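Q: Quick one: the structure is below, questions incoming.
The values are calculated or read from the model by the stated rules, or taken from the named source; none is laboratory data. Remember, it's a predicted structure, so these values are computed and weren't measured experimentally. For neighbour counting, all protein chains shown are included, and Cβ atoms are generated from backbone atoms with ideal geometry for every residue, glycine included.
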Amino acid sequence: MRITPIDIQQQQFKTRPLGYEKAGVDHFLEMIAAELERLHRQNMEYKEDLARTRASLEEMRAREATLKDTLVTTQKVTDDLKTNARKEAEILIADAQLRGERIVRDAEQRRIQMISEIQEIRRQKISFESSLRALVESHIHLLNLEVVQMEKGRDDLMLEESLPFTPAGGFSRKGGPDREGR
């Protein structure tokens, strides 16, 4: 049975001529002792629970502080990684732009070189055509001179026999195919 402070205050003992009844007082004191012992045990349990709760609270606060530190560190590392990634991307972009400009510059130089080579080849072609035309005209002129001389000197059979262009060889005196189409 639990005894409250009010129970203690309102407890009345039977009286005897020389004081209170001893058995009633002893019984009451035993009840109070039992209740105090129970309360003392309960108080100790509460203190132990409180100590465990405080230790757990401290441990959780320590974990919270560690987590906060970890979070701050993680955020800092993340920010550093982002910054480094941005810088690296900027470097890569700048490098790519430089390479692109170099490629364009090299291509432009190659285009100019090729245009120059094409112009040189055209000049050489024109020069070759002019030289060939002059050579062909020179040979035609020589052939025409030989034909004129041969017509003037038909009487000279020896000259005709020494010419490699004979009617039997497939060419007439004028340098064209003979009458048979050879």
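Q: Please verify whether the range 8-26 includes one or more residues that are in contact with a Lys or Arg (Cβ under 6 Å, 6 or more places away or on another chain) and part of a helix (DSSP H, G or I).
A: yes
Q: State yes or no: is Met44 loosely packed, with under 11 Cβ neighbours inside 10 Å and either in a helix (DSSP H, G or I) or among the charged types (D, E, K, R) (or both)?
A: yes
Q: Still on this structure: Taking Thr15 as the residue in question, decide whether it is surrounded by 10 or more Cβ atoms within 10 Å (Cβ to Cβ), under 60 Å from the mean Cα position of the chain (by Cα) and not charged (D, E, K, R).
A: no
Residues checked against (1) over 30 Å from Thr4 (Cα atoms); (2) modelled with pLDDT under 95:
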{"residue": "Arg41", "(1), (2)": "no, yes"}
{"residue": "Ile93", "(1), (2)": "yes, no"}
{"residue": "Val104", "(1), (2)": "yes, no"}
{"residue": "Arg110", "(1), (2)": "yes, no"}
{"residue": "Gln119", "(1), (2)": "yes, no"}
{"residue": "Ala134", "(1), (2)": "yes, yes"}
{"residue": "His139", "(1), (2)": "yes, yes"}
